[in-house]
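Would you mind keeping the following structure in view while I ask a few things?
No lab work stands behind these numbers, since they all come straight from the coordinates. Everything numeric in this text was worked out from a predicted model, so none of it was measured. Positions of Cβ are generated from backbone atoms using ideal geometry, with glycine treated the same way; all protein chains shown enter the neighbour counts.
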C-alpha cells in the first residue's frame, strides 16, 4: 500500500482536493409526523412546536449556505414576505434577501428577489455545474417539484427532515411521485417539544 502512495502522490492529492471543494446540495423539509408540509395547516403541525433550539437550527441552516435553489411556488411565496424586511428580522432576513438564488420555472419572465437567476427545463444540468464549483452548500427548502429530479440525478448530498409531532391527515407532501430511494441516517437530533431532526444521505436504487 505504501508503494502505491509513493508511486502516484500527485494524482492522489488532487483527487482529495477535488472532492473537498465540490459544493454540497442539502435539502431541508419541515413536516408533520405523517409527512405534511402544507403551509395552510402550519397552525396545526408547525406553530405549536416552536422552540429556541428549533429556531437556532433553522437560522444556522439558512445562514451557513451560499446558494439557495427554489421551485417557482416556494419562491413566489417567500419573496413578498422576506423582501419587505430590512433589519435582519428573525435572524435570517438579510441572508434570504442577499444570498445568490436560483428559481426553476418555465413561466417566470423576471425574478426580482435580489440576485436571482431563472433556470428552465435543463436545471438539473445547470445545478450539476454549480456543484462542481468551489464554495458553500446549495440549500433547497420546500420546492417539492425539484426533489425527485435532483434525487434521481444523484445531486442531493443530504436530506434533512425536521419532523414535528402532529398528525394532519391530508395536505401537500414533499414527495408525491414514485421514487426508489434508500436513506442512510447520518444524524439524529431531538429538540424541545418532541421535535426531531433526521439527517439522511440518499441513494437512488
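How many angstrom lie between the C-alpha centres of the stretch 52-126 and the stretch 140-205?
Their Cα centres are 19 Å away from one another.
Here is a further query. Return the percentage of antiparallel bridges among DSSP beta bridges fully within the chain, rounded to the nearest 5 %. Before the final figure, lay out the partial values.
Values: 15 of 38 bridges.
Close to 40 percent.
If you fit an axis through the alpha-carbon atoms of helix 9-21 and take the longest principal axis of the Cα set of the chain, what angle between them do you get, 0 to 90°, nearest 10?
The helix 9-21 is inclined about 10 degrees to the chain.
Now for a different question. Taking 7 Å along the Cα-to-C-beta vector as the label spot, tell me the residue 90-residue 40 distance in nanometres, rounded to one decimal.
Here the answer is 2.1 nm between the modelled labels.
Using a Förster radius of 22 Å, what is the FRET efficiency between residue 55 and residue 115 based on their Cβ-Cβ separation? Nearest 0.05, please. Intermediate results must be reported in sequence, preceding the final value.
Details: r = 26 Å, r/R0 = 1.17.
For residue 55 and residue 115, the calculated efficiency is 0.30.
Cα axis of helix 52-63 to longest principal axis of the chain: angle in degrees, 0 to 90, nearest 10?
Tilt of helix 52-63: around 50 degrees.
Could you point to the label whose value was computed as mean projected area of the Cα convex hull in nm² for the structure here, given (i) 12.5; (ii) 14.1; (iii) 11.5?
Derived directly from the coordinates: (ii).
Using r as the Cβ-Cβ distance of residue 170 and residue 22, and R0 as 30 Å, what FRET efficiency do you calculate, to the nearest 0.05?
Numbers: r = 39 Å, r/R0 = 1.31.
My answer for the efficiency is 0.15.
What full-extension length gain, to one decimal in nm, is calculated for residue 196 and residue 126 as 0.36 nm per residue of separation minus the Cα-Cα distance?
Details: separation 70, 0.36 × 70 = 25.20 nm, distance 3.29 nm.
Full extension from residue 196 to residue 126 adds 21.9 nm.
Calculated from DSSP H runs of 4 or more alone, at -39500 (n - 2.57) each and per residue, what is the 222 nm mean residue ellipticity of the chain, nearest 500?
Working: 8 runs with 70 residues, N = 205.
Taking each H run of at least 4 residues, the total per residue is -9500 deg cm²/dmol.
Over the stretch 94-205, what relative contact order in percent results from Cα pairs under 8 Å that are six or more residues apart?
Working: 134 pairs, mean separation 23.2, N = 112.
Normalised by residue count, the contact order of the stretch 94-205 is 21 percent.
With a cut-off of 8 Å between alpha carbons and a minimum separation of six or more residues, what is the relative contact order of the chain in percent?
Numbers: 355 pairs, mean separation 65.7, N = 205.
The normalised contact order for the chain reaches 32 percent.
Between residue 107 and residue 63, what FRET efficiency follows from the Cβ-Cβ distance if R0 is 30 Å, with the result rounded to 0.05? Each step should come with its number before you reach the end.
Values: r = 30 Å, r/R0 = 1.00.
Plugging the Cβ-Cβ distance into 1/(1 + (r/R0)^6) gives 0.50.
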